[in-house]
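Below is one structure, written out as structure tokens, with a few remarks after it.
The values are calculated or read from the model by the stated rules, or taken from the named source; none is laboratory data. A quick note: this is a predicted structure, and the numbers were derived from the prediction, not measured. Heads up, the Cβs are rebuilt from the backbone with ideal geometry, glycines too, and the neighbour counts pull from every protein chain shown.
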Amino acid sequence: MPELPVPAAAVRNGHGHSADCGRMLLAAALGAHSKLSPANQSRLAPSSPTSPFSPWQKSSEGTPARRVADEYMEDGDARLQKESDQVKQDGEEQKAGFGWYLMRSALNGLRSPSKQDAEQEQPRVQKNHSLDLMESMEEGHAHEITTDFVVPLRRSSKLWRFRVLRSEDKLSARLVTDAGDFLMYASVRLEAHRIDFHLYDSCQKDLFNPARPAFTMSFNSSRDEWRLVAEQCQACHYVPPHLSCAAHGKQQVAVIKHRQAAVGEGISNIMEVRIPGLYQNDTSVIWCPMLGMPDLADAEESNEIQQLITRKPVWNEQVQSLVLDFKGRNIVSSAKNFQLALRQKPQHVICQYGKLGPTNFGLDFRYPMSVIQAFGAAMSTLFWT
């Protein structure tokens with residue numbers, strides 16, 4: 001696992017190269033994006049389905065932050081030019097996860113709305129993400145912005161590829177890109193009947209707080225129903241605590257149900273996933289009880305809900321086993337392997353999770369699933385045998 005860059009919030013008194021990078025990115029978030037041409041805006045979006053969070057790798061044009069800075073400097077901002085040159089000097093050490101998290105949040109880079117929707121949504125998106133950026137920086141948690149983990153990945157004809165690295169004791173796991181860049185950390189708390197999801201790695205001792213997960217997923221005593229919630233609701237973020245949903249079930253992100261079914265001469269694990277629906281601009285419905293939303297598990301079928309179902313494997317007489325075609329992955333046989341599809345398109349794979357090695361799993365998914373929804377579905381197979 002490569003050493004992660006230190007976020008700007010970890011530099012005391014606002015000094016150091018990371019702080020300079022944070023200030024430059026915030027300036028870009030507040031002003032530079034509106035100055036970019038449509039052609040240059042498109043260059044900031046992920047370009048490879050195999051590594052959506054590392055678009056700058058092996059690029060002659062530099063990091064997204066550098067390209068935004070270049071556009072901004074054309075308008076004569078001498079201060080940004082000076083800070084940008086400093087970032088470029090240390091770019092090889094700073095260009096990994098932290099800067100792209102902020103830039104993704106500011107530019108909404110994982111969505112792909114129509115041109116008309118983008119023009120209508122741009123002021124609102126910039127305002128909301130900019131407020132999140134400034135508040136997180138003031139609290140010393142600039143990295144810990146959950147917004148982009150609950151919106152779906154941008155549309156793609158192929159699955160975005162990730163990996164889940166599980167610990168030997170099966171009580172923790174890390175979600176990384178296919179290139180190995182860290183994204184999320186999951187910790188299993190058996191005594192509490194839940195799994196905690198963190199945006200910092202547990203090895204980052206100065207930043208990781210086990211008592212402050214970004215998401216939690218609880219399971220019942222029979223381990224066949226799982227409920228994934230955001231600890232910080234998008235709708236209640238700026239309201240007083242007594243008016244928030246914290247004491248009323250929190251913002252629901254997904255509900256996952258398990259069962260078993262006989263297929264041929266074998267028994268297959270079946271999963272059904274309910275997630276909030278999407279608006280026309282590809283933003284997700286905020287499933288907050290304070291907005292009048294019922295329990296996601298009991299809500300009636302409507303356009304505000306999307307249901308994913310398991311693609312059942314088939315019995316292969318030649319190998320005397322259940323088999324499932326994982327395109328693009330060399331999968332090892334495991335009871336935890338699964339594929340999900342939308343109920344209305346059962347042959348169209350949206351998410352697949354397959355064992356690659358003893359503690360290494362491939363997790364590939366696409367629109368309309370978000371990062372936390374896919375990771376949550378994968379972690380819910382903890383007890384599958």
Gly362: passes all of (1) more than 23 Å from the chain's Cα centre (by Cα); (2) modelled with pLDDT of 90 or more but (1)
Among the numbered criteria (1) within 18 Å of the chain's Cα centre (by Cα); (2) not in a loop (DSSP other than H, G, I, E, B), which single criterion is violated by Val188? (1)
For region 306-330, the count of residues that are aliphatic (A, V, I, L, M) and touching a Phe, Trp or Tyr at 6+ places or on another chain (Cβ under 9 Å) equals 3
Can you name every residue in region 265-292 that is of a type in the set (D, E, K, R) and part of a strand (DSSP E or B)? Glu272, Arg274
Which condition from (1) surrounded by fewer than 16 Cβ atoms within 10 Å (Cβ to Cβ); (2) in contact (Cβ under 8 Å) with a residue 60 or more places away in the chain; (3) more than 15 Å from Arg161 (Cα to Cα) is the one that Glu317 breaks? (2)
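Can you tell me how many residues in region 214-238 are within 13 Å of Val255 (Cβ to Cβ), in a strand (DSSP E or B) and either out of contact with any helix residue (DSSP H, G or I) (no Cβ under 7 Å at 6 or more places or on another chain) or modelled with pLDDT under 95 (or both)?
Our first condition is that a residue be within 13 Å of Val255 (Cβ to Cβ); within region 214-238, this holds for 217-220, 224-229.
Next, from what is left, pick out any that are in a strand (DSSP E or B): 217-219, 225-229.
From what's left, either out of contact with any helix residue (DSSP H, G or I) (no Cβ under 7 Å at 6 or more places or on another chain) or modelled with pLDDT under 95 (or both): 218-219, 225, 227, 229.
Residues that pass the stated criteria total 5.
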Working carefully through the options Ile286, Ile372, find the one that is touching a helix residue (DSSP H, G or I) at 6+ places or on another chain (Cβ under 6 Å), under 16 Å from Val253 (Cβ atoms) and crowded, with 16+ Cβ neighbours inside 10 Å. Ile372
Tell me, please, whether a residue that is under 17 Å from Ala377 (Cβ atoms), among the basic types (Lys, Arg) and without any contact (Cβ under 8 Å) to a residue 60 or more places away in the chain can be found in region 178-189. no
When you look at Ala262, is it part of a loop (DSSP other than H, G, I, E, B) and in the same structural domain as Tyr353 (by TED's automatic domain parsing), yes or no? no
Report yes if Ser221 is in contact with a His (Cβ under 8 Å, 6 or more places away or on another chain) and of a type outside the set (Phe, Trp, Tyr), otherwise no. yes
Could you tell me which of the residues Gln306, Gln352, Gln339 is part of a strand (DSSP E or B), in contact with a Pro (Cβ under 8 Å, 6 or more places away or on another chain) and surrounded by 17 or more Cβ atoms within 10 Å (Cβ to Cβ)? Gln306
